[in-house]
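Reading through the structure tokens given below for one structure.
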């Protein structure tokens, strides 16, 4: 198509050519401005008559701004926009880092919780920010608001920890610079990890009775094992029949299902062995299979029902509380030292087992009190 002849307007340096109208039939004027810059004659397109609502007067105004250096050309604007777009593509916000982190963390046991926490608590306030744009005050505000809303300190710690892991992932992968601790510091809420549950003799009797009344005795066996072995919920749900050594009387806790990622063994008592033998076997590899024979994901409903039927306090954790009850029974028996208890609980550090030390001390005190029963009142002996 031949180039249309440039037509003059009533404004100096403003011209137009006729061209096909955008989006509709017919023609429209396409306006151009001509001016000198650095001894060079420059011709620039400034807009169309209809699609850009351009007029000779508007074009003349643009020409004046270009001459005075107050306005950039369309080409310069496109180049600037391209620079900005490229900068955006290379900009690693928390949103982008989360997506990359998520891809690398799909095998984490807590990934579903992380997804929930990110979408609900981090995305809106931090998603569009780069790590370098986040300051301590913002993280402190997050902590304050979460605690004020009634979130437990441990939950708040998990949410803050997720944000910190995302940033550390970005630093490790070279996607963002290391954080300056003078600008961003995570002061985690204090968490009381010393909470333990125990059952007195009456509560234990009521709990075992509630288990006996359960219709699904296979599920009841799960809770009996939690109480009689101290095994974690995750380890029990991941337990396969091949993990149980009925000859040597040991239970193998596989590393891929263990909290520490390390394979360990715990002894199997006669009572525990009887529980395993009472479980109805299925074609599944798992001792407590879920849907389609796959690993079961939760036992919360039955655990809460048994707790309530036994009349235990509402704050007694229906699954993890059984692990603490197991440890409390052994520590207070006076027959199990803390080192052995640490091995039975598969604690990585003796500090974790130390919470039961007071029960062991009480057992020692009871043992020391036997001397009083043996010799009677010391005052009588002196007389």
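The values are calculated or read from the model by the stated rules, or taken from the named source; none is laboratory data. No experiment lies behind these values; they were computed from the predicted model shown. With ideal geometry, Cβ positions are generated from the backbone for all residues, glycine too; neighbour counts draw on all protein chains shown.
Among the residues of region 127-177, which ones are out of contact with any helix residue (DSSP H, G or I) (no Cβ under 8 Å at 6 or more places or on another chain) and in contact (Cβ under 8 Å) with a residue 40 or more places away in the chain?
132, 135, 136, 140
Can you pull out every residue in region 1-24 that is assigned to a loop (DSSP other than H, G, I, E, B) and modelled with pLDDT of 90 or more?
Of everything in region 1-24, those that are assigned to a loop (DSSP other than H, G, I, E, B) and modelled with pLDDT of 90 or more turn out to be 9, 10, 11, 12, 13, 21.
Within region 48-70, how many residues turn out to be touching a strand residue (DSSP E or B) at 6+ places or on another chain (Cβ under 8 Å) and on the phi > 0 side of the Ramachandran plot?
1
Looking at (1) under 16 Å from residue 199 (Cα atoms); (2) surrounded by fewer than 19 Cβ atoms within 10 Å (Cβ to Cβ); (3) at pLDDT below 85, find the lone condition where residue 334 falls short.
Condition not satisfied by residue 334: (1).
When residues of region 260-279 are filtered for being surrounded by 14 or more Cβ atoms within 10 Å (Cβ to Cβ) and within 20 Å of residue 299 (Cα to Cα), how many remain? Before you say what the answer is, go through the steps one by one.
Quick first cut of region 260-279, residues surrounded by 14 or more Cβ atoms within 10 Å (Cβ to Cβ) only: 264-266, 268, 272-273, 275-276, 279.
Narrowing further to those that are within 20 Å of residue 299 (Cα to Cα): 272, 275-276, 279.
Looking only at that region, the number is 4.
Just name the residue that is modelled with the highest pLDDT out of those in region 339-379 that are surrounded by 17 or more Cβ atoms within 10 Å (Cβ to Cβ), in contact with a helix residue (DSSP H, G or I) (Cβ under 6 Å, 6 or more places away or on another chain) and farther than 21 Å from residue 200 by Cα.
342
Where in region 76-163 are there helices (runs of 4 or more DSSP H), lying fully within it, with 3 or more residues that are surrounded by 17 or more Cβ atoms within 10 Å (Cβ to Cβ)?
Result: 94-104, 136-148.
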